[in-house]
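Below is one structure, written out as structure tokens, with a few remarks after it.
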Amino acid sequence: SETFNSELFRKFGSQNGGLGILGLTAPDEFGGTGLPDATAVSIVHEELSYSDPALCLSYLAHSILLVNNLAVNANDEQLARFMPGICDGSKIGGMCMSEPNAGTDVLGMKSNAVYDSARDGFILNGTKMWITNGTLTGKETGDLFLVYARTGTEKRSDITQFVVEAGMEGFNVGQKITDKLGMRSSPTAELVFENVFLPAKTHVVGDVNGATLCMMRNLEIERVALAAMAVGIARRSLDEMIAYASNRPAFGKSSLFSFGQIQKHISESYAEYMAGKCYLYAMANGLDLSAYGNGLDADGVKLYCATMAKNVADRAIQVMGGYGYCGEYTVERLWRDAKLLEIGGGTNESHHKNMARDLHKLDG
């Protein structure tokens, strides 16, 4: 299904006895849960992804790319203004960074915001692509977004982040992205900004031309959360293949566990899953969400766990044979969902580049 379960998603908020995890890392005085802790982030993403990776992806875009980014970089006036609605679930949003021609090359973005001194604000123009929660209905935009745009010409890093709200004149859905391989119930859209006016005092987050550091810092916890999603997918795939192998008789044997080929699939999957889980929580336990400079292992844990999850899901399909290839048995969806983790939040190739650079620096 490509239908976003907004009713269930809003129950993750703090309204009406909800779980209160939409603002997991946000300060409690502004409506958050007050857990700025990467281990808590990892636990929540692992458990949600075990059940439904696509819903978890929308949760990540909202709680990490939007809420956590605001929690770390916004001032108190902005937190008081924007945080309660995105923590209680009444508003759903995300973050806008990628563009049609600028994905991994994020500093090549063309969206720009020009300061208008007469109105003390910025005029934003551009297009953003692959935006999770960009539209909840297929027609209207999501409620609130952090948008990165170029505000200077001297350096590629002259980028500023802005808050853009639904209903602002010139802010529209370009298209809803449909027929994706996986993560189908997580809505994805192209968003268009045409002369959108953004007041400088209320809608500029952090310093003008200073958002590149904010971007890179938030990418670290995003990649840890995506690694946690991968661990959740691997654990679910492992559980599904063990359950199937335990109850499927074949060739006169009571279960598939009698056969060496199946033993290999299951045992290797367990070992790889545990290696990824240990790497994830070792990384998360030492990560300070307000700090920067943890890119080596943020890249590394996502690089390892994303491919690990896809491989474990692939083995689950193989163990189940024809049944694994059908939607009824879940693992084909987990395999499709896992593939995105090798692309979104940083491609495997970008992780290779980043890690090689950082390791080379360590060698002096």
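What figure, in Å² to the nearest 10, do you get for the accessible area of residue 105 with a 1.4 Å probe and non-protein molecules left out?
Here the accessible area works out near 80 Å².
Just reorder 153, 137 by solvent-accessible area, largest first, 1.4 Å probe, all chains present.
The most accessible residue leads, giving 153, 137.
What does the charge count near residue 124 come to, summing +1 for each Lys or Arg and -1 for each Asp or Glu among other residues with Cβ under 14 Å from its Cβ?
Residues near residue 124 contribute -1 overall.
With Cα extents along the principal axes in Å in mind, check (i) 62, 52, 39; (ii) 105, 45, 36; (iii) 83, 52, 38 and report the label derived from this structure.
(iii)
If you filter segment 114-191 for GluC sites (Glu not before Pro), then keep DSSP loop positions with at most 11 other Cβ within 10 Å, what is left? The partial results should precede the final answer.
Details: sites: 140, 154, 165, 169, 190; in loops: 140, 154, 169.
Within segment 114-191, the qualifying GluC sites (Glu not before Pro) (loop, at most 11 other Cβ atoms within 10 Å) are 154, 169.
What 222 nm value per residue comes from the helices of the chain, counting each DSSP H run with n ≥ 4 as -39,500 (n - 2.57) and dividing by all residues, nearest 500 deg cm²/dmol?
-14500 deg cm²/dmol
Near residue 343, within a Cβ-to-Cβ distance under 13 Å, what is the net charge of the other residues, with Lys and Arg +1 and Asp and Glu -1?
Here the count lands on +3.
Residue by residue, what Karplus-based ³J(HN,Hα) values in Hz, rounded to whole numbers, does segment 190-199 have, using 6.51, -1.76 and 1.60 with θ = phi - 60° and x for Gly and Pro?
Residue by residue, segment 190-199 yields 9, 10, 10, 10, 10, 6, 7, 8, 10, x Hz.
Between beta-carbons, use under 13 Å as the cut-off and find the net charge around residue 298, counting Lys and Arg +1, Asp and Glu -1.
-3
Could you give me the ³J(HN,Hα) list for segment 151-166, computed from phi with Karplus coefficients 6.51, -1.76, 1.60 and θ = phi - 60°, whole Hz, x at Gly and Pro?
Couplings: 10, x, 10, 6, 10, 4, 8, 6, 10, 10, 10, 10, 8, 10, 10, 4 Hz.
How would you order 12-21, 223-232 from highest to lowest mean count of nearby Cβ atoms within 10 Å?
223-232, 12-21
Would you give the gap between the C-alpha center of segment 36-104 and the C-alpha center of segment 225-244, rounded to a whole Å?
Segment 36-104 and segment 225-244 have Cα centres separated by 22 Å.
Using a 1.4 angstrom probe and counting only protein chains, how large is the accessible area of residue 136 in Å², to 10?
50 Å²
What is the percent carbon and sulfur in the accessible area of the chain, measuring with a 1.4 Å probe over the protein chains and ignoring ligands?
52 percent
How high is the relative contact order of the chain? Use alpha-carbon pairs under 8 Å, at least six apart in sequence, and give a whole percent.
Dividing the mean separation by the residue count of the chain yields 17 percent.
Which order do you get for 269, 290 if you rank them by accessible area with a 1.4 Å probe, largest at the top?
290, 269
Which value, in Å² and to the nearest 10, is the accessible area of residue 239 when all protein chains are kept and the probe is 1.4 Å?
About 70 Å², ignoring ligands and nucleic acids.
Given a 1.4 Å probe, how much area per residue of the chain is accessible, in Å²?
43 Å²
The values are calculated or read from the model by the stated rules, or taken from the named source; none is laboratory data. Source: prediction; values computed, not measured. Ideal geometry is used to build each Cβ from the backbone, glycine not excepted, and the neighbour counts take in all protein chains shown. Heavy atoms of the whole protein, side chains included, go into the accessibility calculation; ligands, DNA and RNA do not. Shrake-Rupley method; radii C 1.70, N 1.55, O 1.52, S 1.80 Å.
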